[in-house]
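Here is the structure we will look at.
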Amino acid sequence: MSLVAVRAPKSRPAAPANGSVDDKEQSAAEPAAPILATLSPSRASNFKQCPRLFRYRAIDRIPEVPSAAQARGTTAHLALERLFGLPADQRTAERLFDLFREAWTGLRTEPDYSQLFDSVEDERAWGIESLGVIANYLTLEDPASFSPVGNELDMSEDLGAVTVRGILDRLDERPDGRLVITDYKTGSAPPERYALPAFFALKVYALLVRRRYGRTPAELRLLYLGNSTVYSLPVDDRVLDGIERQLLALARTIKRAMERNHFPPRPSVLCKWCSFQGICPGFTSPPTNGG
Ligand code: SF4
């Protein structure tokens, strides 16, 4: 299957310069549910990446303090969801920036975020950077030119061995009737050769869409707002049949892991961003420069 990367044109709407963002972020809490009773695409991805990470999140449910980057992601998702709730002619850059500020105003006093920044200056710098990321979104597509079928869709389907549930960022229908799944990432895109694993969760969502609506999505899109990059992947029934088999096999593997309480660490470059470095026996600090 071909992976298509599209880089946005250089120009973009200017972000407000004052950075008067009333920040706040991430509350896209995964549906917390008994493992194997319910499995989210994110948790399935966690297990594939590192079984120990899955255990910390899905079984031990160790709280993770959101980072500034995660705060940006949650705030941006809220702003974009609300943008598409407006009539098309109101989906302007200015309105999107306002929605980001409003979303952060609502989030910034929540316990998860109230201690996120050491100073007003830090928060303001984060706000300026965040508005730049939001401006990048507008270089990738014109939100006034289409209306999604749905935003932040709560998808839950019983696959027999397991119920799969998650929140789908956006589902679009093209003028030719093709369904397209879009996922927002506020970070930067990885090099194209490393991008394919990021589509795993979207393939699962495509499977859920097929089961719910009886229609097979034609395309999956990852919008990386950090560096204005779109990765796109075509899918069809053959791909989704394969992902269903893979998901059911994964559910069986997780069930066995639970029965044996066997969740070995699987160290990788992704450990760098893991919240559990301090307790994970598999984490090894990278060598320091000059050491
Ligand atoms: S530090 Fe690495 S090995 Fe340990 S749980 Fe996190 S991702 Fe897995």
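Read-outs: derived from the displayed coordinates by stated rules, not from any lab. These numbers were taken from a predicted model, which means no experiment stands behind them. Reconstructed Cβ throughout: ideal geometry from the backbone, glycine too, with neighbour counts over all protein chains shown.
Numbers at a glance
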| read-out | value |
| --- | --- |
| Inter-label distance for Ala249 and Ser268, nm, one decimal - labels placed 7 Å from Cα along Cα-to-Cβ | 1.6 nm |
| With at most 13 neighbouring Cβ atoms within 10 Å, loop trypsin sites (Lys or Arg not before Pro) (DSSP) excluded, longest segment of the chain | 62-214 |
| Extension reserve of the Ala125-Ala37 stretch, reckoned as 0.36 nm per residue once the Cα distance is removed | 27.4 nm |
| Mean Cα-pair separation over length for segment 67-209, i.e. relative contact order, pairs under 8 Å, 6 or more apart, % | 22 percent |
| Within the chain, percent of DSSP bridges classed antiparallel, to nearest 5 | 75 percent |
| Number of Lys pairs (Cα under 22 Å; 8 or more positions apart or on different chains) in the chain | 9 |
| Computed FRET value (nearest 0.05) for Thr92 with Asp237, which takes r as the C-beta separation and R₀ as 45 Å | 0.70 |
| Rounded FRET efficiency, nearest 0.05, which uses the C-beta distance separating Glu141 from Glu192 and R0 of 25 Å | 0.80 |
| Over segment 64-171, volume per residue of the alpha carbon convex hull, in Å³ | 122 Å³ |
| Residue exposure sequence - Leu223, Leu240 - by fewest surrounding Cβ within 10 Å | Leu240, Leu223 |
| Hydrodynamic radius (Kirkwood) for the chain, which is based on Cα pairs only, to one decimal in Å | 20.3 Å |
| The chain, relative contact order [Cα under 8 Å, separation at least 6], % | 25 percent |
